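The numbers here are math on the coordinates, done by the rules we state, and not lab data. Treat the numbers as computed from the prediction; the structure is a model and nothing was measured. Quick reminder, even Gly has a Cβ in these numbers, built from the backbone with ideal geometry, and neighbours come from all protein chains shown.
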């Protein structure tokens, strides 16, 4: 078997020595051995592994994804990742078409007026920056869709979460509505609210990709779509009689500032609807995965500790005179183990890393738990704070 020093190996693959050492440090490509002087020695088998790494990198996969594929090397995982790359590529193509259209529009303005307004330049930059954020935004959107699907298919309450939120927020009675953190527009797709014609309905999100998804989903409905952080709302005081923040505030980097802004743009007789969940939410799923591996945490941080049913009222009373909590009575009965596994892998914790070599075993474990229970019952602990009489008008 041929063996190569690091420099020879790098030259053979047309990469730098630094790249070879980096892949070693990342655990992607270890040398087959070392010589008497302690120098790395690589083989033709290592060269084939390096070609796989370079091929996957060229196709756009992250080092984390490549590491998982190199460990498992299964057709199913590769198929899933290729599906992701195909969808992502289509989104990039859509984005580039928008950039092209904006460039043509900007060029036309210069030719007609002799100059270009700064808002047009800012819009162009925003579209061009979107491509750098697309992968993270798309994965987040995919994960949100998976979690919504579990609730939609397994919920006991016949009134879904989004119609319930629309009812509690009394959207049908509102004439000027702002939703912060609109995501992909799911609330307005499912709530069956009154047509927005004749009303002002603004859907916003800090994620430019999410705004684009919502716009595509709700096209020709009369909505306004804006991209901004709810801690800096670009509207005047008393601009809306309804503001909705559905499972959003615990993601805010500055909740007091966000609440100041929301109270500022809300009319005195308006209604702010802020949903969240409590400490018991989906607790059976967390317990189930910890029984399999006690190191697994499905969330890097418990969001309900930032803004939840237990502490939300105290935070909101700093900005609103009236705060009432309405709980959503519901639970899940899960009979499909694949649906539950997909939900678990969509969470923001460390499960993907800890289970990367044990996926088949874990799926069998979940299937057995569902079979044994004849329908796994999952607690839902969610609700909405209804806030009136904003008490502060500036941040």
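Once the Cβ-Cβ distance of residue 45 and residue 96 is raised to the sixth power relative to R0 = 35 Å, the FRET efficiency obtained is 0.30. For region 295-395, report the translational diffusion coefficient in µm²/s to the nearest whole number, using Stokes-Einstein at 37 °C, 0.692 mPa s, and a Kirkwood Rh over Cα pairs. D, rounded to a whole number, is 198 µm²/s. Placing pseudo-labels 7 Å out from each Cα toward the beta carbon at residue 367 and residue 35 gives an inter-label distance of 5.1 nm. Cα axis of helix 283-292 to longest principal axis of the chain: angle in degrees, 0 to 90, nearest 10? The angle comes out near 10 degrees. With R₀ set to 30 Å, the beta-carbon distance separating residue 173 from residue 254 gives a calculated FRET efficiency near 0.45. Computed over every Cα-Cα pair of region 188-299 and binned at 5 Å starting from 0, the pair-distance distribution P(r) comes out as 2, 9, 16, 19, 17, 13, 9, 7, 5, 3, 1 percent.
For region 3-58, the share of alpha carbon pairs falling in successive 5 Å distance bins from zero is 4, 21, 35, 28, 9, 2, 1, 0 percent. Of the candidates 275, 204, 252, which one comes out as most mobile in a Gaussian network treatment of the chain with C-alpha springs shorter than 10 Å? In this elastic network of the chain, the residue with the biggest mean-square fluctuation among 275, 204, 252 is 252. Axis of helix 75-113 versus longest Cα principal axis of the chain: the two differ by about 60°, to the nearest ten degrees. Remark: the residue 62-residue 26 segment gains 11.7 nm on full extension, using 0.36 nm per residue and subtracting the alpha carbon distance.
Take 292-300, 312-320 and order them by the average number of nearby Cβ atoms within 10 Å per residue, most first; the result is 312-320, 292-300. Spin-label model, residue 295/residue 280: points 7 Å from Cα along the beta carbon direction are separated by 3.2 nm.
Count the DSSP beta bridges whose two residues both fall in the chain, then state the antiparallel fraction as a percent rounded to the nearest 5. Rounded to the nearest five, the antiparallel share is 55 percent. One chain, two ends: residue 377 and residue 356. Fully extended at 0.36 nm per residue, the span grows by 4.9 nm beyond their Cα-Cα distance.
For the chain, averaging the sequence separation of C-alpha pairs within contact (under 8 Å, six or more residues apart) and dividing by the residue count gives a relative contact order of 14 percent.
Beta bridges from DSSP with both residues in region 161-390: antiparallel share about 50 percent, rounded to the nearest 5. Tell me, what is the FRET efficiency for residue 55 and residue 327 to the nearest 0.05, using R0 = 51 angstrom and their Cβ-Cβ distance as r? After rounding to 0.05, the efficiency reads 0.50. Which of 153, 107, 97 moves the most in a Gaussian network model of the chain with Cα springs under 10 Å? With Cα springs under 10 Å in the chain, the top fluctuation among 153, 107, 97 is at 107. Highest GNM mean-square fluctuation among 143, 115, 254, for the chain modelled with Cα contacts below 10 Å: 115. Separation of region 335-371 from region 285-332 is 22 Å, based on Cα centroids. To the nearest ten degrees, helix 44-58 and the longest principal axis of the Cα atoms of the chain are 20 degrees apart. Projection of the Cα convex hull of the chain, averaged over all directions and equal to a quarter of that hull's surface, yields 25.5 nm².
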